[in-house]
Amino acid sequence: MLEEIRIASLGVIDSSTLELGPGLTVITGETGAGKTMIVTALGLLLGGRSDSGAVRSGARTARVEGVVLTTDLDGFAQAVEEAGGEVEDNRVVLARNVTAEGRSRAFVGGASVPVSTLAGIAEPLVAVHGQSDQHRLLQPRAQRDALDRFGGPPTAELVATYSRLHGELSSTEAELDEVVATARDRAREADLLRFGLGEIEAVAPEAGEDVDLAAEETRLGHSDTLRGAAELAREALSSDQDEADALAATSTARTLLEGVREHDTEAGELADRLAEVTYLLSDVAADVASYASRIETDPARLAAVSQRRAELTALTRKYGDTIDEVLAWAEQASGRLLDLDGTDERIELLRAEQERLRTELGAAAAALSTARHAAAGRLAAEVTEELALLAMPDARIEIEVRQTQLEAPAGGSGGPLRVGDRWLRHTRSGVDDIEFLLAANTGSELRPLHKGASGGELSRVMLALEVALAGTSPVPTFVFDEVDAGVGGTAAVEVGRRLAQLARNAQVLVVTHLPQVAAYADRHVVVEKSSDGSVTSSGLTVLDAAQRESELSRMLAGLTDSDTALAHARELLTIAQPARALG
């Protein structure tokens, strides 16, 4: 709900603040005082196109701010936060600046955002009905949504069922088309995988085999060098030729220190350490001798290892840098091959699923169409009754629910949907095209709303529709500009009563020149204009009871101090009192 609108340097308005609340708020004033600037300001807050000509003469920038109470607005606060704005005490400030050069900036919750973002966030808040506006209910999608909401929970459940089945069918048919279209590519891929797996199976590599064989090949290729080095090392450790070696030198050093142990304990400790070295050297000498004896020159084994490594290298050139990677590729390829080999079975399963979903979707579409036809008749009757009370006694509304019949499909995915014995075009919202039609006068042909009514008539049609949809509309605020154009007398009273009825379920703002309408307001705001000869400014004033009588008197007779006009104003207020939204 809008709590406040602040306007600065917009048109004839210098600086004004309009405090709003629940129920019905009417805005009145002399011609040219700037009443339409309120609607213009709301249009800017909703992300409408900016016009540098609307900037007040002599001002550099026009600014409009709106304070929105977010209570009961599902998803609104989240959308504000996603845009980078802040919500404080369940309130959000929307703002729009327009410069005299035509540049425009938008703000949501203190964050600067593109105008399109402001429009997306603010659009669900307010429905504006004026002769120059693109009305929400003139859009085919909005008309369909309105009819579905009017149908209530049963229709909503049918819409949800149809939407779910349509989504499942779309996914199934997309997958089926992909599988069928790529069948040849999948067969080619399967052949390549089989060839690769065959090559790997023929070689039968083992994990880590390439690393082990590389080490073995190096060892076999240098066997003579390795054996010679080992034998020399053994001789250096423990010689068979009675030559000086490491063991003999260590034993001699140990014997010398053992001989003086009794004179110094440290010498004995060193002798013990040399004993340990002797044991270690003896073990190492034995190990080196064993290593030297095992090294043999084996040309046959070297050739076999080289051949095996060549086979493994052929695999690593194609399927991985190492044999471990080759084996990993083979495991993945086996799984992929199972999937590819099941293409025909997958196609059959998908076609069976497609057939099942199409049958269920056709039944759901038929049920939804039936519900829409029933709701269309009820809604059209209610709106027609409302129009009769709004000075359009001969007007008639009809809501057409029609389908587009197509030729039976030749096969494959997509295409029309069979509903009963017909093949119909279908979308995510059903098989129905919804259109609201109006015959404004007796003998007139039914025509789409935007073609079948004048500006003033269209505003009353919108009012009648909004009243009929009041219990189901998600829009919290409605604005009507010149809804009473061409209306007077008893019909004007009915317009006021209907606006008050709509205000029981939503916040309603009305720019009007009729006292019969203004009398039904819960809050009456007057736009007052003053001029000092060079600068014109307008202010917005919320009227108290006495001021309301005076303003209604002015609207009735052009006089503010006429006893007759004041008496008539009091009578209007008394008559309207029971119907006011806020009592």
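Here is how the numbers come out for the structure above:
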item	result
Counting DSSP beta bridges with both ends in the chain, the antiparallel % (nearest 5)	75 percent
Inter-label distance, nm, simple model (7 Å from Cα along the C-beta direction), A229/D89	8.6 nm
Square roots of five times the Cα gyration tensor eigenvalues for region 234-287, Å	24, 12, 5
For R418, residues with placed amide H under 5 Å, excluding near neighbours	L424
Estimated FRET transfer efficiency when R0 is 30 angstrom, pair D421-E345 (beta carbons, to 0.05)	0.35
Dipole-positive endmost among S171, A579, V128 within the chain (Cβ charges, Cα centre)	A579
16 Å tail of the calculated P(r), region 1-72, as % of Cα pairs	49 percent
Relative compactness, region 83-126, computed as alpha-carbon Rg over 2.2 N^0.38 Å	1.18
About the Cα centre, charge dipole magnitude for region 473-526 (Lys/Arg +1, Asp/Glu -1 at Cβ), debye	200 debye
Within region 296-359, GluC sites (Glu not before Pro) in DSSP loop having at most 11 other beta-carbon neighbours inside 10 Å	E296
Cα long-axis angle, helix 455-468 against the chain (0 to 90 degrees, to the nearest 10)	70 degrees
Whichever lysines have a C-alpha closer than 20 Å to that of K35, once near sequence neighbours (fewer than 8 apart) are set aside	K529
Simple spin-label estimate for R273 and R219 in nanometres, 7 Å along Cα-Cβ	3.6 nm
Sites E101 and S530 - FRET efficiency at Förster radius 25 Å, r taken between beta-carbons, to 0.05	0.30
Magnitude of the charge dipole, the chain, Cβ model with Lys/Arg +1 and Asp/Glu -1, debye to 20	4520 debye
Protein accessible area in the chain, 1.4 Å probe - carbon and sulfur %	50 percent
Value of [θ]222 nm, deg cm²/dmol, for the chain, DSSP H segments ≥ 4, -39500 (n - 2.57) each, nearest 500	-17500 deg cm²/dmol
Stretch gain in nm, segment S171-A388, where the contour uses 0.36 nm per residue and the Cα spacing is subtracted	73.3 nm
Globularity index of region 305-400, i.e. its alpha-carbon radius of gyration over 2.2 N^0.38 Å	2.69
For volume of the Cα convex hull per residue in Å³, calculated from these coordinates, the label among (i) 135; (ii) 277; (iii) 331	(iii)
Cβ-derived FRET efficiency at R0 35 Å, E331 paired with R356, nearest 0.05	0.50
Environment charge of V180, counting only residues whose C-beta is closer than 12 Å and scoring Lys/Arg +1, Asp/Glu -1	-3
Full-stretch length increase - L338, A408 - with 0.36 nm per residue and alpha-carbon distance subtracted	21.6 nm
Net charge contributed by nearby residues that have their C-beta within less than 12 Å of A267 (K/R +1, D/E -1)	-3
Whole-number accessible area per residue in Å² for the chain, which is evaluated in the context of all protein chains at 1.4 Å	51 Å²
Separation of the A160 and Q307 label points, Cα + 7 Å toward Cβ, nm	7.3 nm
Environment charge of W423, counting only residues whose C-beta is closer than 13 Å and scoring Lys/Arg +1, Asp/Glu -1	+2
Sequence-separation-based contact order of region 424-472, relative, with Cα cut under 8 Å and 6+ spacing, percent	20 percent
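The values are calculated or read from the model by the stated rules, or taken from the named source; none is laboratory data. Source: prediction; values computed, not measured. Counting neighbours? That spans all protein chains shown, and the Cβs are built from the backbone with ideal geometry, glycine included. Just so you know, the surface numbers come from the protein's heavy atoms only, side chains and all, with ligands and any DNA or RNA stripped out. Shrake-Rupley method; radii C 1.70, N 1.55, O 1.52, S 1.80 Å.
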